[in-house]
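Below: the structure, in structure tokens.
The values are calculated or read from the model by the stated rules, or taken from the named source; none is laboratory data. None of these values were measured; they are calculated from a predicted model. With ideal geometry, Cβ positions are generated from the backbone for all residues, glycine too; neighbour counts draw on all protein chains shown. Areas reflect the complete protein model, heavy atoms only, side chains present, ligands, DNA and RNA absent. Shrake-Rupley method; radii C 1.70, N 1.55, O 1.52, S 1.80 Å.
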Amino acid sequence: MSPTIINTRFVEPVHLLYGLVAYVLYLIVHRLILWPRFLSPLRKVPGPPLGNIFLGQSPTIIRNETGIPQREWVKKYGPVVRIVGPVGIERMIFMKPEALHKILVKDWLDYPRPTFLRNILGLVTGYGLLTVTGNDHKQMRKAMNPAFSIPNLMAQTPMYFEPIDSLVEIIKGEINNSTDGKVIHVYDWMSKVTLDIICKTAFGYEADSLHNPHNELAEAYELLLSLQSGSNLARLILLISLPGGPRFLASDWAYHHRHWLEKIPLLPAVSKLVDAMYRIRRISRQMLEEKLKDSNLILNDSDAKKDIMSILVRARKAELDGGKGGYAMSDQAMMDQVLTFLGAGHETTASGLTWTLWHLSNKPEWQKRLREELAPVFAENPRPDYRTLKDLQWLDCVVMESLRIMPPVPLTVRVAAKTDYIDGVLVPKGTLFYIPIRVVNTWKELWGEDAEEFNPGRWLNLPKDYHPTFSMLSFIAGPHACIGKTMSIIEMKAVLAALIVNFDFEPAFDGQVAKPAAAITIKPTDGMPLRVRMASTTR
């Protein structure tokens, strides 16, 4: 009799497959339905409806002007709002200064930028001060602080005026003494003049994009900035979130094969991004190499170049030569700073200036008041220095009010690295936070019923509950606050002052409506056409 064979396999492979499929389905149901609707400790926090089961409220956010949906939700639901985004991921808005202080200042290391945002910023502005965190950030910021000191900014201010004077002459030539003036796309010129200024003050590099429309750096940035839209940003977030996505987009291989991307539906814009960033990185590398060569020259203080990168390179050389074991930025870190200065110090200032001119074009009485303040100053010195620009009261009111109403970066994001209470709400680890810059800046609870209106006079009599750090977040707060805040404001004042002294600005046509981009920055999508005439004082 043949022996009996006993099957000892208790689980068939097909059963394992069924179990795996069931587990994956459970995870999907848990993420999309169970967690946001029944299990999350945030489920009872006021907020808009959950929205699309897969996308949440993302379609509403992408379709609208950046910050506007969030502002409407705060109006409706109060200072603590919960929003559900794609695949059930929860987002929170906290408006009160105490909550913002905890997220941005007190526990900033526990609320970093999420990985997708760091990778987007890293791709466009380098992995420099905007993206690093923790001890690396502390050391990098400490090394860079001297370059942004008031004495250095005072020394750099005269550098602004060569590009500014060129811009004034170009616009005069465009107008050609016409009494009707001419419609000019203001943003295009603001982008050129701020690029020329940042290249000159940060790197000692003459871009001269004002006179050379085919300057490679200017063309690359023009291409990059043309891609700003909510839909393009959503696609980029998806690509960046894929394993190896950031490395691929920044690779030489992607650049040399970018034409393949053009043939893939929804990815032609990514091809343009790869093209623009490759060229920007190449030119940035050349600028840094020139600075490193200059560092080998022995110069006295009066001959030493005063641009920011020269100061940083000299400081690094002194640290390395001193042998004290202190922090010295690597070549790659220096390269990332070049990209950061170009990316963060150029477009944001251009957008800020454009929106200021837009507001003034709609408020001719305030434009006239500003001109009356500036005219005697420029009559005495057409290139006012740092102190003079800083002390002009109405100029300061106008610039601060414009940055309040239309912050160049209207919103940013943080993620909870721990579970903790914020403003009495238990926030689970992994929750995203909208840092609603534009919403905070125009919160009627603080700024009053006219909070969303342009009124420079409010800066002469600030609200009694005004908080110097958390009532206006245009330059963010805490360790990640913008290191170039003072430089940006003085640059805006210098450009704006020269333009207002020389020209009248008004809307290009009756009923003109602003068209801000729905992306990381709030640049106008139509180039901001305005009618420009010679100012009455200069006719």
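Odds and ends about this structure:
- Output for the stretch 78-123, where each listed residue is farther than 18 Å from Gly478 by Cα and of a type in the set (Ser, Thr, Tyr): Thr115
- Conditions (1) at pLDDT 85 or above; (2) open to solvent by less than 40 Å² (accessible area, probe 1.4 Å); (3) under 23 Å from the mean Cα position of the chain (by Cα); number of the one not met by Ala143: (1)
- Count of the stretch 453-464 residues, restricted to those that are exposed (fewer than 14 other Cβ atoms within 10 Å of the Cβ) and either aromatic (Phe, Trp, Tyr) or in contact (Cβ under 8 Å) with a residue 40 or more places away in the chain (or both), is 2.
- Near pairs, Cβ below 7 angstrom, 6+ apart or cross-chain, from the stretch 347-369 (in contact (Cβ under 8 Å) with a residue 24 or more places away in the chain and in a loop (DSSP other than H, G, I, E, B)) to any residue that is open to solvent by 10 Å² or more (accessible area, probe 1.4 Å) and of a type in the set (Lys, Arg): none
- Subset of the stretch 210-243 that is outside any helix (DSSP H, G or I) and farther than 30 Å from Thr60 by Cα - its residue that is most open to solvent (accessible area, probe 1.4 Å): His214
- Among residues of the stretch 160-179 that are over 14 Å from Val501 (Cα atoms), those with a Cβ under 8 angstrom from a residue that is assigned to a loop (DSSP other than H, G, I, E, B) and among the aliphatic types (A, V, I, L, M), sequence gap 6+ or separate chain, pair up as Pro163/Leu210; Ser166/Leu210; Ile170/Leu210.
- Residues considered: Ala202, Ala207. Of these, the only one that is farther than 28 Å from Phe509 by Cβ and outside any helix (DSSP H, G or I) is Ala207.
- Top-ranked residue in the stretch 418-440 [being exposed (fewer than 14 other Cβ atoms within 10 Å of the Cβ) and part of a loop (DSSP other than H, G, I, E, B); ranked as farthest from the chain's Cα centre (by Cα)]: Gly424
- Filter result for Phe505 (under 26 Å from Gln228 (Cβ atoms), more than 16 Å from the chain's Cα centre (by Cα) and open to solvent by 20 Å² or more (accessible area, probe 1.4 Å)): no
- Among the residues listed as Glu98, Glu72, the single one being surrounded by fewer than 17 Cβ atoms within 10 Å (Cβ to Cβ), free of Cβ contacts under 8 Å to residues at least 60 places away in the same chain and under 26 Å from Gly448 (Cβ atoms): Glu72
- The number of residues in the stretch 181-209 that are within 20 Å of Ala147 (Cβ to Cβ), within 20 Å of the chain's Cα centre (by Cα) and small (Gly, Ala, Ser) comes to 1.
- Qualifying residue in the stretch 161-177 (condition: open to solvent by 40 Å² or more (accessible area, probe 1.4 Å), more than 29 Å from Lys317 (Cβ to Cβ) and in a strand (DSSP E or B)): no
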